[in-house]
Every structure is written in structure tokens, then in C-alpha cells.
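Everything below concerns the one structure shown next.
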Amino acid sequence: MLRYLIALLFTVHGAAAQAVTQAEVMAGSAKLYREQIDELRKGYRLDDDQRFGARVAALAHPLIEQAKREFPESAAWDWELHTTTDGDANAFAMAGGKILLSRAHVDELALTDAELAMLLAHEIMHAVLRHNLKEFEEALRLEPARATQPYPEFEHDIDHDHALMRKLATFNQRQEMEADREGLLFAMRAGWSPQALAAYFRKLAKQSHYPNFDRFDHPSPASRWRAARELAKQMDASR
Ligand SMILES: [Zn+2]
């Protein structure tokens with residue numbers, strides 16, 4: 001009953017979104033990132049391919065510098081970039097600019113530098129567009145009672161509570177499309193050709209099974225390729 005009343009209160013005042021802050025999300029992400037990094041380090045799988053790490057760093061650093069200029073909030077972040085040859089790890093970026101990239105995905109698609117830049121730009125967009133925080137806010141909108149839940153539990157549920165994850169799937173698909181679109185435009189501003197960037201999505205779509213990367217809340221590879229191709233065409237026409 002109390003939970004219900006509190007939920008009602010939050011709904012009425014529309015204040016539920018304030019129950020989670022960017023600072024909280026960043027601190028939570030930093031902790032989860034550290035755990036995964038430590039795990040990889042223990043298994044000697046952290047930054048274990050020097051050549052690959054150097055390639056990723058050379059592509060990522062100019063993009064991160066650009067992110068700091070274009071999204072001033074992110075200039076104060078403690079950005080981190082690591083790589084691994086562990087095929088179980090995903091390519092991801094968490095709140096606060098914590099990036100991990102697995103070589104498995106890059107090898108599997110034989111990504112060119114432009115395509116790898118597209119992947120990195122997509123991940124960077126998730127961070128600077130505060131996609132983690134927005135997902136929490138959407139979860140609160142869908143389930144206002146969560147405003148009373150301790151943050152660590154809420155954070156766990158966002159990634160493990162299947163009922164909640166299903167409710168968030170459409171929202172997350174929109175965030176994926178946004179990271180694709182804004183990532184392509186962002187990497188284009190860094191000097192990459194839109195066609196060369198969009199080719200990343202052609203490769204994704206061509207490969208019907210790509211383990212360790214896609215999740216159920218990602219839009220279909222075919223629709224991502226369609227959107228990227230259209231955008232690249234528009235950008236080429238306006239250049
Ligand atoms: Zn994504």
C-alpha cells in the first residue's frame with residue numbers, strides 16, 4: 001500500500017525521473033566496468049592483443065577528443081578504453097565513457113578502419129547522449145514504484161529482470177537507432193566518409209548470426225543497414 005501511494009505521488013508530480021541521477025548512474029557504471037575489467041585482467045585477457053589495442057586507440061582517441069568538445073559535460077569524465085580477445089565480451093560503452101571492445105566482433109566482420117570508427121562512434125554516442133540514465137528514467141515512467149527501490153537493485157533489474165527488459169525493449173531499440181544515426185553524423189564530422197561508415201551496417205546485416213554482440217532489444221540488422229544507407233545517401237548529396 002505504501003509503495004502504491006508513493007508511486008501515485010511520484011506519478012502525480014511527475015518527479016519520478018529525478019529519483020535517479022546521472023552521477024548515480026555514472027558511479028554504478030564505473031563499478032560494473034571495473035568488475036568486468038578486473039575479471040578480464042585476472043584471466044590475462046585484458047588488452048591482451050597489443051596491435052589490436054593500438055589500432056583501436058588510434059581510431060578512438062580523436063573521436064573521444066571530439067566528444068569532449070561537442071559534449072562539454074563529457075570533458076570532465078574519466079574516459080577509459082580497453083580491448084580484449086575474449087569472445088564473450090561485448091562491444092559496449094557505459095555511462096561516463098567506459099568503453100570495452102572485443103576483437104572477436106571486429107575480426108568476425110573484418111572491419112575496416114572506417115567501420116571500426118562507426119562502431120566506436122555508436123558506443124560513444126550511447127555515453128554522451130546519456131542513454132543509461134534515459135533507460136532508468138523510462139523504467140521509472142513504466143514502473144513508478146521503482147522510485148523507492150535501492151539503486152543497486154534497480155541497476156541489477158535493468159539488465160536481469162526479464163519482464164522489465166521486455167517493457168524497455170522498444171525504448172532501447174530507439175536508443176540504438178539514435179546511436180547509429182548520431183554516431184554516423186559524429187564520425188562524419190571527424191572526417192570519415194558516410195558511405196564507408198554505413199558499410200559497417202551492411203556487414204552486420206549480411207552476417208545473419210553474430211554472437212556476443214546483438215541483443216533482443218537491438219533493432220534488426222536489416223533495418224539498421226537500411227537507415228544508415230539512407231542517411232549516408234542524404235549526407236553525400238548535401239556535401
Ligand atoms: Zn548500441
Let me spell it out: the conditions are (1) more than 16 Å from the ligand (Cβ to nearest atom); (2) under 23 Å from Gln207 (Cα atoms), and Gly43 meets all of them except one. Which number is the exception?
(2)
Pairs with Cβ under 9 Å, 6+ apart, first in region 78-96 and within 16 Å of the ligand (Cβ to nearest atom), second open to solvent by 30 Å² or more (accessible area, probe 1.4 Å) and at pLDDT below 85
Ala89/Asn212; Asn90/Asn212; Asn90/Arg215; Ala91/Asn212
Here are the criteria: (1) assigned to a helix (DSSP H, G or I); (2) among the small types (Gly, Ala, Ser); (3) modelled with pLDDT under 95; (4) crowded, with 17+ Cβ neighbours inside 10 Å. Tell me which single one Ala93 does not satisfy.
(1)
Where the second residue is open to solvent by less than 50 Å² (accessible area, probe 1.4 Å) and not in a helix (DSSP H, G or I) and the first is under 9 Å from Gln175 (Cβ atoms) and within 16 Å of the ligand (Cβ to nearest atom) and lies in region 126-145, which pairs have Cβ atoms under 6 Å and are six or more apart or on separate chains?
His126/Ala93
Tell me which residues, restricted to region 160-185, are away from the ligand (no atom under 13 Å from the Cβ) and open to solvent by 70 Å² or more (accessible area, probe 1.4 Å).
His160, His162, Arg166, Lys167, Thr170
Name the residue that is most open to solvent (accessible area, probe 1.4 Å), counting only residues in region 186-195 that are of a type outside the set (Ser, Thr, Tyr) and in contact (Cβ under 8 Å) with a residue 24 or more places away in the chain.
Arg189
If you take just the helices (runs of 4 or more DSSP H) that sit entirely in region 110-167, which of them hold at least 3 residues that are touching a strand residue (DSSP E or B) at 6+ places or on another chain (Cβ under 8 Å)?
113-128
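The values are calculated or read from the model by the stated rules, or taken from the named source; none is laboratory data. Bear in mind the structure is a predicted one, so any value in this text is a computation, not a measurement. For neighbour counting, all protein chains shown are included, and Cβ atoms are generated from backbone atoms with ideal geometry for every residue, glycine included. Just the protein is used for accessible areas: all its heavy atoms, side chains included, with ligands, DNA and RNA removed. Shrake-Rupley method; radii C 1.70, N 1.55, O 1.52, S 1.80 Å.
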